[in-house]
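Asks: This is the structure I have questions about; it appears just below.
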Amino acid sequence: MRVLGISPAHDASVCVINDGKLEYYFKEERLSRKKRDKHPYLSLIEIHKLLGESIDYCVIASPTENDWDNNIAVFVHKLFGCPIEFMCDKHHLQHAALAFENSNFNESLIFVVDRNGSVVNNLMRESETVFVATKYPYKFKQIHKNYWAFNLGGDQSPKINELIKELSKQNPTCNYVCKSSFNVTKVYETATSLISQHPLENGKTMGLSSYGTEDNYPDFFGKDCIPIDYYFSHDVKDFSPDMSLAVHNDLNKKTVKNIEKNNYTDYANYAYQVQKQTQEQVCNFIKKYVKKTGIRNVVITGGYGLNIVSNSFYVKNIPEVDFYFEPLSDDSGNSIGSAIYFYKVVSKDNENYKLKDTFFHGVQHDLSNISGKPCNYDDVVELLLNQKSLGVYYGLSEAGPRSLGNRSILFDATNKNAKDLINKIKKREWYRPFAAVCLEEDCQKYFDMLSFKKSEFMTNSFEVKERYKNILMGITHVDGTCRVQTVNKSSILFHLLKKLKEKNNIGVLLNTSFNLSGEPLVDTPEQAIECLNNSCLDYIWFPEKNILVE
């Protein structure tokens, strides 16, 4: 059975699940080169080129009923002629289905912490959902759901109260709550809007938060992750209504476009505050339901699941829990989540189809026209030791938001000026941190890995051990931490790091995504060459051809 999954919101993606296994996956922005493109027509055309009309079902997984859903449905029907199922009312379930499949747990709690989930009666949207998931039988049971209201007040409040009562009658074992026009992710976003960034660029706030200190702010939340509306409002001035900015009422007039080293303090302090308050809220939320259910397997997903600082905070503060953090926890994974859920429910298939890595975007591209000078691992290591920046182009690109070696830029992690040099290449803000890649066997040596023995997907932040903070200066953030990727023999970077370790006795590299600021990750070799030509990147390494392009 082939199921076509389509997630046509921001970060639109398309996948094909064939008898439970992922066969193809495309993220629209990689094809259109439009960041966060939400109209996946090019991706659907690629699927049709590959498979023709051999699709049995299609699932359209938008979080809202939009005109483009109907347009896509018409387009799908013309291309494939298959039955179409709409799952716009199950956005958080899509997040949960993918994460649970990849977790390998037979039973777990799943916490979906998200900005904009499914819309209910044009009154409210999903914010945070807690599921109890079981593999045998395959089942997701909602036990708590927070919503944010479009308009909490006036004649809307009675309608919302009635709707909550009706939902509670339909599922009396779930606690339904709608007491705010905001949620955890939107509160976090108020710091992102303060520095004039798009609502989906919260990663920039996370980097800036490490430069802040405790400041005298009130508690922004009541209990169970419910924000206090008094402090916040919506501002639609730069974005479409469904992506309007959440802003702090007292700070909205103090927004700044450029964070410089002479003006960052107030903005960093507020970023620190939202980081601190939101992670504490979610952590307490997790503790509550772990205690209530007795379940100690916990899965984290949804857009806020990309917050690596929060993820590590949970691990430190709830050590009795086994955590799984989904690497495709943003909406780019929902095409897969919707398709795998639909397939399993229809087929009654109880097999596990965990994705072993994220190297499954698109198709293998032709490298026959790429020419350069021959090289081996020793040559590549020599360039890195000579402080050259190196783009890596290998195999299929990473599906998720983290570059893990197939489309990465590498640099010497011991160079104290590494951040400034790579930020110049990528045209990024000065305050943003860089990740590290190291051998799995060595990660405990350099980093406090908490309860982890490996970190394949960069979903957590770890403290750099004290003796290495002045050595690994290129990847140590201002707070002494680093987002870490570990590799074993399955990675193209494994042998490179082994050779590097032989030369410098360290074997750690700075690893960042192969793209320029504001652009999607490079996918084709032509895009990689264009990135080289449009920046001060030194080389691209094509391991499959053993060549370097300068």
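Asks: Within the stretch 174-196, is even one residue free of Cβ contacts under 8 Å to residues at least 24 places away in the same chain, surrounded by fewer than 21 Cβ atoms within 10 Å (Cβ to Cβ) and either under 16 Å from TYR272 (Cβ atoms) or not β-branched (Val, Ile, Thr) (or both)?
Replies: Checked against the condition, which is being free of Cβ contacts under 8 Å to residues at least 24 places away in the same chain, surrounded by fewer than 21 Cβ atoms within 10 Å (Cβ to Cβ) and either under 16 Å from TYR272 (Cβ atoms) or not β-branched (Val, Ile, Thr) (or both), the stretch 174-196 yields no hits at all.
Asks: Follow-up. Test LYS356 against the criterion of being out of contact with any Asp or Glu (no Cβ under 8 Å at 6 or more places or on another chain), surrounded by fewer than 22 Cβ atoms within 10 Å (Cβ to Cβ) and assigned to a helix (DSSP H, G or I), and give yes or no. Let's see the steps before the verdict.
Replies: Working: out of contact with any Asp or Glu (no Cβ under 8 Å at 6 or more places or on another chain): yes; surrounded by fewer than 22 Cβ atoms within 10 Å (Cβ to Cβ): yes; assigned to a helix (DSSP H, G or I): no.
So LYS356 fails the test.
Asks: Let me ask something else about it. I'd like to verify a number: residues in the stretch 187-205 that are of a type in the set (A, V, I, L, M) and in a helix (DSSP H, G or I), how many?
Replies: Looking only at that region, the number is 3.
Asks: For the stretch 206-220, which residues satisfy the criterion of being in a loop (DSSP other than H, G, I, E, B) and either surrounded by 13 or more Cβ atoms within 10 Å (Cβ to Cβ) or not charged (D, E, K, R) (or both)?
Replies: Within the stretch 206-220, SER210, TYR211, GLY212, THR213, ASP215, ASN216, TYR217, PRO218, PHE220 meet the criteria.
Asks: Right, another one. Which one of GLY305, GLY333, GLY391 is buried (at least 23 other Cβ atoms within 10 Å of the Cβ) and outside any helix (DSSP H, G or I)?
Replies: Working: GLY305 fails: outside any helix (DSSP H, G or I); GLY333 fails: outside any helix (DSSP H, G or I).
Among GLY305, GLY333, GLY391, only GLY391 is buried (at least 23 other Cβ atoms within 10 Å of the Cβ) and outside any helix (DSSP H, G or I).
Asks: So for the stretch 523-540 (the condition being over 16 Å from LEU421 (Cα atoms), in contact with a strand residue (DSSP E or B) (Cβ under 6 Å, 6 or more places away or on another chain), of a type outside the set (Gly, Ala, Ser) and in a loop (DSSP other than H, G, I, E, B)), does at least one residue qualify?
Replies: Checking the stretch 523-540: at least one residue is over 16 Å from LEU421 (Cα atoms), in contact with a strand residue (DSSP E or B) (Cβ under 6 Å, 6 or more places away or on another chain), of a type outside the set (Gly, Ala, Ser) and in a loop (DSSP other than H, G, I, E, B).
Asks: Something else about it: Identify, please: which residue in the stretch 59-83 is part of a loop (DSSP other than H, G, I, E, B) and more than 16 Å from ILE17 (Cβ to Cβ) and is, among those, modelled with the lowest pLDDT?
Replies: Selected residue: ASN66.
Asks: Let me ask something else. Among the residues of the stretch 1-31, count how many are among the polar types (S, T, N, Q) and within 20 Å of the chain's Cα centre (by Cα). Even if it seems obvious, please write down each step before you answer.
Replies: As a first pass, look at the stretch 1-31 and keep what is among the polar types (S, T, N, Q): 7, 13, 18.
Next cut, within 20 Å of the chain's Cα centre (by Cα) only: 7, 13.
Looking only at that region, the number is 2.
Asks: Look through the stretch 465-495, keep the residues that are in a strand (DSSP E or B) and of a type outside the set (D, E, K, R), and return whichever of them is surrounded by the most Cβ atoms within 10 Å (Cβ to Cβ).
Replies: If we take residues in the stretch 465-495 being in a strand (DSSP E or B) and of a type outside the set (D, E, K, R), then CYS482 is surrounded by the most Cβ atoms within 10 Å (Cβ to Cβ).
Asks: Of a type in the set (Ser, Thr, Tyr) and at positive phi: is that true of SER181 in this structure?
Replies: Here the answer is no, as SER181 does not meet what is asked.
Asks: Hey, could you check the stretch 429-464 for residues that are of a type in the set (S, T, N, Q) and under 20 Å from the mean Cα position of the chain (by Cα) and say which is surrounded by the fewest Cβ atoms within 10 Å (Cβ to Cβ)?
Replies: The residue in question is ASN460.
Asks: So, in the stretch 339-365, how many residues would count as being out of contact with any helix residue (DSSP H, G or I) (no Cβ under 8 Å at 6 or more places or on another chain), under 26 Å from GLN527 (Cα atoms) and not β-branched (Val, Ile, Thr)?
Replies: 4
Asks: Another question, then. Is there a residue in the stretch 123-130 that is surrounded by 23 or more Cβ atoms within 10 Å (Cβ to Cβ), aliphatic (A, V, I, L, M) and within 29 Å of GLU162 (Cβ to Cβ)?
Replies: Yes, because at least one residue in the stretch 123-130 is surrounded by 23 or more Cβ atoms within 10 Å (Cβ to Cβ), aliphatic (A, V, I, L, M) and within 29 Å of GLU162 (Cβ to Cβ).
Asks: Test ASP378 against the stated conditions and say whether it is more than 29 Å from SER43 (Cα to Cα), of a type in the set (Asp, Glu) and either assigned to a helix (DSSP H, G or I) or not assigned by TED's automatic domain parsing to the domain that holds GLU46 (or both).
Replies: Answer is yes for this residue.
Asks: Please go through the stretch 405-457 and give me each residue that is more than 30 Å from ASN258 (Cβ to Cβ), outside any helix (DSSP H, G or I) and aromatic (Phe, Trp, Tyr), ordered by number.
Replies: The answer is PHE447, PHE452, PHE457.
Asks: Next up: Looking at (1) surrounded by fewer than 16 Cβ atoms within 10 Å (Cβ to Cβ); (2) more than 30 Å from VAL299 (Cβ to Cβ), find the lone condition where VAL549 falls short.
Replies: (1)
Asks: So, one more: Being of a type in the set (S, T, N, Q), over 19 Å from the mean Cα position of the chain (by Cα) and either outside any loop (DSSP other than H, G, I, E, B) or at positive phi (or both), is that true of even one residue in the stretch 48-58?
Replies: No, the stretch 48-58 has no match at all.
Asks: Then there is this: Name the residue, out of LEU450, LEU396, LEU384, LEU390, that is aliphatic (A, V, I, L, M), at positive phi and at pLDDT 95 or above.
Replies: Unique residue meeting the criteria: LEU450.
Asks: crowded, with 24+ Cβ neighbours inside 10 Å, more than 22 Å from the chain's Cα centre (by Cα) and touching a residue at least 24 places away in the same chain (Cβ under 8 Å): is that true of VAL508 in this structure? Explain how you work it out, then say what you get.
Replies: Values: crowded, with 24+ Cβ neighbours inside 10 Å: yes; more than 22 Å from the chain's Cα centre (by Cα): yes; touching a residue at least 24 places away in the same chain (Cβ under 8 Å): yes.
Yes: the conditions hold for VAL508.
Asks: Would you say GLU166 is under 25 Å from ILE110 (Cα atoms) and outside any loop (DSSP other than H, G, I, E, B)? Before you say what the answer is, go through the steps one by one.
Replies: Working: under 25 Å from ILE110 (Cα atoms): yes; outside any loop (DSSP other than H, G, I, E, B): yes.
Criteria met by GLU166.
Asks: Restricting to the stretch 80-103, give me the number of residues that are among the aliphatic types (A, V, I, L, M), closer than 19 Å to GLY303 by Cβ and touching a helix residue (DSSP H, G or I) at 6+ places or on another chain (Cβ under 7 Å).
Replies: Result for the stretch 80-103: 4.
Conditions (1) without any contact (Cβ under 8 Å) to a residue 60 or more places away in the chain; (2) over 24 Å from ASN102 (Cβ atoms), marked per residue:
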site	(1), (2)
LEU404	no, no
SER451	no, no
ASN470	yes, yes
ILE475	no, yes
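Asks: Also: Can you pull out every residue in the stretch 84-110 that is of a type in the set (D, E, K, R) and either closer than 20 Å to LYS287 by Cβ or assigned to a loop (DSSP other than H, G, I, E, B) (or both)?
Replies: ASP89, LYS90, GLU107
Asks: For the stretch 105-118, how many residues are closer than 17 Å to VAL184 by Cα and surrounded by fewer than 24 Cβ atoms within 10 Å (Cβ to Cβ)? I'd like the intermediate steps shown before the answer.
Replies: Within the stretch 105-118, the subset closer than 17 Å to VAL184 by Cα is 110-118.
Retained after the next criterion (residues that are surrounded by fewer than 24 Cβ atoms within 10 Å (Cβ to Cβ)): 116, 118.
Going through the stretch 105-118 one residue at a time, the tally reaches 2.
Asks: Here's something else I'd like to know. Can you name the condition, by its number, that LYS223 falls short on among (1) loosely packed, with under 13 Cβ neighbours inside 10 Å; (2) touching a His at 6+ places or on another chain (Cβ under 8 Å)?
Replies: (2)
The values are calculated or read from the model by the stated rules, or taken from the named source; none is laboratory data. Predicted, not measured: the structure shown is a model, and the values here were computed from it. Positions of Cβ are generated from backbone atoms using ideal geometry, with glycine treated the same way; all protein chains shown enter the neighbour counts.
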